[in-house]
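Contents: one structure, followed by commentary.
The values are calculated or read from the model by the stated rules, or taken from the named source; none is laboratory data. What you see is a predicted model, and the numbers here were worked out from it, not measured in a lab. Glycine gets a Cβ as well: all are built from the backbone with ideal geometry, and neighbour counts include every protein chain shown. When the accessible area is computed, the model is the full protein with side chains, heavy atoms only, and any ligands, DNA or RNA have been set aside. Shrake-Rupley method; radii C 1.70, N 1.55, O 1.52, S 1.80 Å.
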Amino acid sequence: MEKFESLSRRETLVKGALALGAVAALPTLSLAQNEAAPAAAPAPTPLAASDLEIVRFALTLERLEAAFYAQVLGAHGTRAYLSGRHLTLAQEIGAAENAHVAALEAVLRNAGAEVPAAQEFSFPNNVFVSPVAFSWFAYTLEEIGVRAYLGAVGKIRSQAVKEAAASIYGAEARHVALLRLNSGNMTAPHYFESPLSAEQVQSLIAPYLK
Amino acid sequence: MTDSSFDSPENGTSRRDFLVLGALAGAALLLPSLPASAAFGYGDTRHLRFLEELQNLQADFFTKAALSATNDGLSEREMNIFNLIAKQDAEQARWFAKARQRYGIAAFDKSYTSNLSVSRVTPEYHYPRNTFQTRAEMFARAIEIKETAVGAFHGVVIRASDDKIVESVASLAGVQNRHLAALKELSGQNPLTAYVEATTPRAAANKLTAYKFKSEALD
């Protein structure tokens, strides 16, 4: 960890908040939110504008994913259409995405930046009735997340944000693998991940933004 | 979305949107390009060399795992995963070897000759005697090695100086994460609770010395 010895306290807090989110467990959600508590927070030091743009974009993606799993679990509560590992994955990955959302919001607050208002999303109807459609849509959505983070990682200037983004990126890649593995698909179709630009990601997720 | 909307075929996102998403997500699969010339510093050179060594070790281990017949057997799904990982780790090792040749990286490493037409002697690794005898032992070693690799890849992503090297290594790191998740899932461990900490190449190398990992790329 020699490279982090020179990091500022604020950078360390940003890193910590994001890393906690990447741990992907519900208990960390409150910790991540506590990072933003005004009484304990140091004076905010802005991140570079380009880094803020990347964090905001990542937040939109994480909110989209979190909303997807929340709506899936809501639908399952009504019609019990998921079973076994599909259901536990929806629960566990949904909790991880919630933690990512909280962590990214904390980063923006710690940087003294405005947190975008909550967004609404809509998804294809069949993902709420068919386990196969759920699984396919879930890993496609996660795959877009992986490729979006990959497209951004080389452009991040803040060392703390880069480390945290790398950590979340790894978590998203593991989500894809589990969803693919448990739906009978090849865990990793290629020996590399392929990046997407922000414009490509925007066009892919546009149908689901209300 | 309200529950009543589930019953309306006309409501919400259409099947066409669903298909568009799949088509676009599958488009333009490209490994991020490396810099045209070796304008990056010695630190990044060492990173590339270290990860090549790491991938040589992983390719060796997972090839042996894929070819082994444990006493208690593996399921077809487990065999498929070991085969996939062996293949992809070998592909990643070849990618690093090509990068080394492209940049003429040789002088920094005593294991390499400056004459790139001369092949290097393939390193020989050592694994504990029981490693490939039982399913449990093989999964334990596989997860230990893969977890170390994921930490090392993440460590390079956050330490590399050149943006294109960061992207390229991150591109390979994603697949390492997929491998780790699959191994943990199949072995009965929870693949989502484990947080993989980025580690320094030196720390990763130290963890792998028991396998006779060559850490001279870091010297």
When residue A:175 is evaluated against the numbered criteria (1) over 30 Å from residue B:76 (Cβ atoms); (2) more than 7 Å from chain B (Cβ to nearest Cβ), which criterion, by number, is the only one it fails? (1)
Does residue B:180 satisfy the criteria of being without any contact (Cβ under 8 Å) to a residue 40 or more places away in the chain and surrounded by 22 or more Cβ atoms within 10 Å (Cβ to Cβ)? yes
Verdict on residue B:66 being surrounded by 17 or more Cβ atoms within 10 Å (Cβ to Cβ), within 12 Å of another protein chain (Cβ to nearest Cβ) and free of Cβ contacts under 8 Å to residues at least 40 places away in the same chain: no
I'm checking my understanding of the structure. Among residues of the stretch A:111-136 that are open to solvent by 10 Å² or more (accessible area, probe 1.4 Å), more than 18 Å from the chain's Cα centre (by Cα) and farther than 15 Å from residue A:208 by Cβ, which one is farthest from the other protein chains (Cβ to nearest Cβ)? A:114
Looking at residue B:133 and the list (1) in a helix (DSSP H, G or I); (2) polar (S, T, N, Q); (3) modelled with pLDDT of 90 or more, which single condition is not satisfied? (1)
For residue A:146, only one of the following conditions fails: (1) outside any helix (DSSP H, G or I); (2) of a type outside the set (Ser, Thr, Tyr); (3) touching a residue at least 40 places away in the same chain (Cβ under 8 Å). What is its number? (1)
Looking only at the stretch A:179-201, decide whether some residue is farther than 22 Å from residue A:107 by Cβ, within 15 Å of the chain's Cα centre (by Cα) and among the hydrophobic types (A, V, I, L, M, F, W, C). no
Failed condition for residue A:150, given (1) closer than 24 Å to residue A:188 by Cβ; (2) more than 9 Å from chain B (Cβ to nearest Cβ): (2)
List pairs: first in the stretch A:184-210 and at the interface with chain B (Cβ under 7 Å from one of its Cβ atoms), second surrounded by fewer than 21 Cβ atoms within 10 Å (Cβ to Cβ), Cβ under 6 Å, 6+ apart or cross-chain? A:191/B:91; A:192/B:31; A:194/B:29; A:194/B:30; A:204/B:24; A:207/B:13; A:207/B:17; A:208/A:121
Considering every residue within the stretch A:103-111, establish whether at least one is assigned to a helix (DSSP H, G or I) and without any contact (Cβ under 8 Å) to a residue 60 or more places away in the chain. yes
If residue B:145 meets every condition in (1) open to solvent by less than 10 Å² (accessible area, probe 1.4 Å); (2) at pLDDT below 95; (3) more than 7 Å from chain A (Cβ to nearest Cβ) apart from one, which number is that one? (2)
Residues of the stretch A:174-195 being part of a loop (DSSP other than H, G, I, E, B) and open to solvent by less than 10 Å² (accessible area, probe 1.4 Å), in sequence order, are A:187, A:188, A:193, A:194
Take the stretch B:151-172 and flag every residue that is facing chain A (nearest Cβ under 7 Å) and either among the polar types (S, T, N, Q) or in contact with a Gly (Cβ under 7 Å, 6 or more places away or on another chain) (or both). B:154, B:163, B:164, B:166, B:167, B:171
Just checking, how many residues over the stretch B:202-217 are open to solvent by 10 Å² or more (accessible area, probe 1.4 Å) and closer than 17 Å to residue B:157 by Cβ? 2
With respect to the numbered conditions (1) at pLDDT below 95; (2) assigned to a helix (DSSP H, G or I); (3) among the aliphatic types (A, V, I, L, M), which one is the sole condition not fulfilled by residue A:118? (2)
Please specify each residue of the stretch A:65-83 satisfying the condition of being away from every other protein chain (no Cβ under 13 Å) and assigned to a helix (DSSP H, G or I). A:65, A:66
Quick check, is residue B:112 in a loop (DSSP other than H, G, I, E, B), at pLDDT 90 or above and more than 14 Å from chain A (Cβ to nearest Cβ)? no
